[in-house]
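Student: Here you go, one structure.
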Amino acid sequence: MEQEPAIEEAARKDPRLKEVLEVANKLEGMARNASMHAAGVVISPVPLKELVPLYKTSKDEIVTQYDMVGLEKLSLLKMDFLGLTTLDIIQDALGLIDQNHGVKLKVEDLPLDDAATYQMFCKAYTSGIFQFESRGMRDILRKYQPSRMDDLCALNALYRPGPIQGGMIDDFIDGKHGRKQVSYDFPELKEILEETYGVIVYQEQVMKISNRLAGYSLGDADILRRAMGKKKAEEMAAQRARFLEGAKKKGFAQKKIEKIFDLMEKFAGYGFPKAHSAAYGFLAYVTAYLKAHYPLEFLSALLTSEMGSTDKVVKYINECREMGIAVLPPDVNSSSRDFTPDGKGIRMGLCAIRAVGANAADSIIEARKTGGAFQSMFDFSERVDPSSVNRRVLENLIKCGAMSSLGGNRAQLTAMIDAAMESGQRAWKDRASGQTGLFGMVADEPAHEEHPLPALPDWTPQQNLSSEKEVLGVYVTGHPLDEHSAKVAELSTHYTETLEGLERGADVSICGILIGIQRKRNKDGKLWAAMQLEDRTGSVEAMVFSTQYDRLLTALVEDKAVLVRGLVLPEENAPPKISVQDIIPLELARVNLPSLISIRVAVGVNGTKDQAMDKAEALDQLFAKKCGDTEVRLRLEKPRDFSVILDVTRKVRPDKEFWAEVERICGPESVEVLAS
């Protein structure tokens, strides 16, 4: 009202608006709803109903009507008990390790100095590693190179907005690698801050400093820590005076002590409890240890935990492939309910298939355990309880390839569904009535007839992939981008998982497929489209606005491999989106390579003759590997001495991989385009 006086003027003229404002003024500041803390538990020596008002939620949860501040004033203890999916992943992985290797691991007995585990962090192979898998954290890991548990704890505490914006992480990294001299104003601080290279990281360090320098008891130090966190001006002024007085009595220099208090006040605002950070750091170490030493079991447990999130399943399947681990489609003769190791790969579980619930999966597994592997689709239908496996379940089992081990292609198996279901229902009915077969065999031991497969060609590879995506949510046996791998590598500037952090309006080119295309109208009645652009790493929401819609309409085709050029639209507290500017089918997209390039080779610069020969041999091997149509000119240089140009007879294909390898051999910016 103060910012916009016209509202008050309008209310004087319009009684309805005046009434709305009067009601709004009464409602303003009132509690909109009763919320509940996600993990807070109140602990009392007597029944809570004797101390505070309670109420029951729609889920029959008993909740206090006082908030956390009110409960603290009543001296009631509130503790947060966090339930972490990571604990389930660890437990499931340990069970699979015991089942597959006969090794009963205990997390508390794991060595905390395992080199292979720290290499996972140093190389930033941290997909699925608790608290360490974000892109920003991976960049920090590569720079920092952690080598001990204390490093993991500190990085976990520092990776939050305050320390990042304050430059604390850079100081921490420089201190670790000796690029910055770590100094302490008082010898007493060295013992407290040495483990974090002079940076105040933990709340416990603030408490220790106040104890050692100003004579605080640990109880009083905890009150100081809480006061700093709440940033109450009056309380902080009193604490400052007390801290300076206590330090003065202990003989510390006034100016240095004031500086120390200011630092404590600054860092304590976003300081992290070391106990919390240590627990999280340990969990991160355990998950990295399991991934380093038992990747099949760990990744199986990880995929199972994310079965409800298609994007994360896609991400972790891609991680498996990068590690050389095959992810196998579900199979009625091999799969369990969840993801499980299978040889040197990971087998998808039956519960990952749409419409195949726990009951259907359990029925299939039980029939397989009691009667052995299924021999045919008719054998399957006659042995698995028909009340838990209906037509839709059978269709989806076929679509994802889960019945391919029974013989026949997916088209043939689909054509046999009705006959197989009829045979199965008849067998179960005979078994229930106790009837016997032709030769006196009981119905639960039928003589299986031969059922010839209909002469039908298999679905096309594209149909197979589409049906997998339909019922699994992901591509398993392949990907529509596979046949365009070379173009994807050359034409993509980004992947869907690397868009986070880009500026608004940044140009990106992403190869992927368009799914879930929805045509809409804006407030002016003009058509526009929203869709998901999916690549091997995940998906991003893409929009074709009305200004581009008519031009790109013919390119909006579901499941088509395309190159999308667009502008990044960052979202607050949500993944970024893409404003599509152009769509090109990958089959028509061209990779423009130069016709002539120059490679600068420095000779005789801090190197030996043998090193020069090594460069020549490496380049020769690269040229042989990357044959193409581009001519190469070598420029041999020795600074302030000579420069010789040689034309190479062999022609090459200078793609991104070629450029990266040349720069590795000859140094940065050693390749130059001379003719396009």
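Student: Based on Cα positions only, what radius of gyration and what Dmax would you give for region 230-333, in angstroms?
Tutor: Rg and Dmax of region 230-333, Cα atoms, are 25.4, 78 Å.
Student: Counting only heavy atoms of the protein chains, get the accessible area per residue of region 104-262 (1.4 Å probe) and round it to a whole Å² value.
Tutor: Computed with neighbouring chains in place, this is 52 Å² per residue.
Student: Check region 136-252 and count each lysine pair with an alpha-carbon distance under 18 angstrom, considering only pairs eight or more places apart or from different chains.
Tutor: Eligible lysine pairs with Cα atoms under 18 Å apart amount to 9.
Student: From the Cα gyration tensor of region 259-403, with a ≥ b ≥ c the square roots of its eigenvalues, which class applies: rounded if a/c is under 1.5, or else prolate if a/b is larger than b/c, or else oblate?
Tutor: Verdict is prolate for region 259-403.
Student: Here's another thing I want to ask about it. With a sphere of radius 15 Å drawn around the Cβ of A373, what net charge do the other residues whose Cβ falls strictly inside it have (Lys, Arg +1; Asp, Glu -1)?
Tutor: -1
Student: Still on this structure, please answer the following. Express in whole angstrom the spacing between the alpha-carbon centres of region 459-505 and region 190-255.
Tutor: Value for the Cα centre distance between the two parts: 54 Å.
Student: Report Rg(Cα)/(2.2 N^0.38 Å) for the chain, keeping two decimals.
Tutor: Relative to the rule-of-thumb radius for its length, the chain sits at 1.26.
Student: Calculate one ³J(HN,Hα) per residue across region 405-418 by plugging θ = phi - 60° into the Karplus curve 6.51 cos²θ - 1.76 cosθ + 1.60, and present them in order as whole Hz with x for glycine and proline.
Tutor: 6, 8, x, x, 8, 5, 5, 5, 5, 5, 5, 9, 4, 4
Student: Along the charge dipole of the chain, which of L646, A10, G525 sits closest to the positive end, that is, farthest toward it, with unit charges on the beta carbon of Lys, Arg, Asp and Glu (+1, +1, -1, -1)?
Tutor: Checking the options against the dipole of the chain, the answer is A10.
Student: Another question, if that's okay. Given the Cα-Cα distance of R148 and T493 and 0.36 nm per residue of separation, how much length would full extension add, in nm?
Tutor: Result: 120.6 nm gained on full extension.
Student: Once Lys and Arg get +1 and Asp and Glu get -1 on their Cβ, which of Y285, V332, V314 lies farthest toward the positive end of the dipole of region 260-360?
Tutor: Projecting each Cα onto the dipole axis, the largest value belongs to V332.
Student: Given 4 °C and 1.567 mPa s, compute D for region 496-554 with the Stokes-Einstein relation, Rh being the Kirkwood radius over Cα pairs; round to the nearest whole µm²/s.
Tutor: Result for D is 102 µm²/s.
Student: Can you list the residues of region 40-69 with backbone N under 11 Å from a point 7 Å past the Cα of M79, pointing along Cα to Cβ?
Tutor: Within reach of a label on M79, which here means backbone N under 11 Å from a point 7 Å along Cα→Cβ, region 40-69 contributes 41-44.
Student: For region 159-276, which semi-axes, largest first and in whole Å, follow from the square roots of 5 times the eigenvalues of its Cα gyration tensor?
Tutor: Ellipsoid semi-axes (Å, largest first): 23, 17, 12.
Student: How much of the calculated P(r) for region 38-101 lies past 19 Å, in percent of all Cα pairs?
Tutor: Every Cα pair in region 38-101 considered, those over 19 Å come to 50 percent.
Student: Here's another thing I want to ask about it. Given DSSP loops and a limit of at most 11 other Cβ atoms within 10 Å, what is the longest stretch of the chain that contains no such GluC sites (Glu not before Pro)?
Tutor: 62-448
Student: If you stretched the chain out fully between R354 and T460, how much longer would it get, using 0.36 nm times the residue separation minus the C-alpha to C-alpha distance?
Tutor: 36.0 nm
Student: What full-extension length gain, to one decimal in nm, is calculated for K256 and A486 as 0.36 nm per residue of separation minus the Cα-Cα distance?
Tutor: Full-extension gain reported as 76.6 nm.
Student: Over region 459-524, with a single point scatterer placed on each C-alpha, what log10 of the ratio I(q)/I(0) does the Debye formula yield at q = 0.13, 0.18, 0.29 1/Å?
Tutor: -0.56, -0.90, -1.22
Student: Evaluated at 10 °C with a viscosity of 1.306 mPa s, what Stokes-Einstein diffusion coefficient in µm²/s does region 566-676 have when Rh comes from the Kirkwood expression over alpha-carbon pairs?
Tutor: This corresponds to a translational diffusion coefficient of 96 µm²/s.
Student: I would also like to ask the following. Run down the lysines and flag those whose C-alpha is under 30 Å from the C-alpha of K59, throwing out any fewer than 8 positions away in its chain.
Tutor: Within reach: K49, K73, K78, K312.
Student: Now for a separate question. Quick one: in region 83-221, what % of C-alpha pairs are over 28 Å apart?
Tutor: Value for region 83-221: 32 percent of Cα pairs lie more than 28 Å apart.
Student: Tell me which trypsin sites (Lys or Arg not before Pro) from region 569-676 have a DSSP coil assignment and no more than 13 other beta carbons within 10 Å of their own.
Tutor: Here the trypsin sites (Lys or Arg not before Pro) that fit, given the DSSP loop and packing criteria, are R590, R640.
Student: Of the accessible area of the chain, with the probe set at 1.4 angstrom, what percent is carbon plus sulfur?
Tutor: That fraction is 51 percent.
Student: Using helices alone, I'd like the mean residue ellipticity at 222 nm for the chain: each DSSP H run of four-plus residues gives -39500 (n - 2.57), total over residue count, nearest 500.
Tutor: So the calculated ellipticity at 222 nm is -13500 deg cm²/dmol.
Student: Name the chymotrypsin sites (Phe, Trp or Tyr not before Pro) in region 142-228 that are in a loop by DSSP and that have at most 15 other C-beta atoms within 10 Å, would you?
Tutor: Taking region 142-228 and a limit of 15 other Cβ atoms within 10 Å, the loop chymotrypsin sites (Phe, Trp or Tyr not before Pro) found are Y184.
Student: Just to be sure I understand: if I project the alpha-carbon convex hull of region 58-154 onto a plane and average over all orientations, what area do I get in nm²?
Tutor: Convex hull of Cα atoms, orientation-averaged projection: 10.8 nm².
Student: Then there is this: Assigning unit charges at the beta carbon (Lys, Arg +1; Asp, Glu -1) and nothing else, what dipole magnitude in debye, to the nearest 20, does the chain show about its Cα centre?
Tutor: Around 1680 debye, computed over the chain.
Student: Residue by residue through region 215-229, which ³J(HN,Hα) values in whole Hz follow from phi under the Karplus form 6.51 cos²θ - 1.76 cosθ + 1.60 (θ = phi - 60°), with glycine and proline marked x?
Tutor: So the Karplus estimates, Gly and Pro as x, are x, 5, 6, 5, x, 5, 4, 5, 5, 4, 4, 5, 5, 5, x Hz.
Student: Convex hull over the Cα atoms of region 1-53, averaged projected area in nm²?
Tutor: Here the figure is 6.6 nm², rounded to one decimal.
Student: While we're on this one: Can you list the residues, at least 5 places off or on another chain, whose amide H is less than 5 Å from the amide H of K651, using H built in the peptide plane?
Tutor: Amide H neighbours of K651, under 5 Å, 5+ apart: G628.
The values are calculated or read from the model by the stated rules, or taken from the named source; none is laboratory data. These numbers come from a predicted model, not from an experiment. Cβ sites come from the backbone with ideal geometry, for glycine too, and all protein chains shown count toward neighbours. Ligands, DNA and RNA are excluded from the accessible area calculation, which covers all protein heavy atoms including side chains. Shrake-Rupley method; radii C 1.70, N 1.55, O 1.52, S 1.80 Å.
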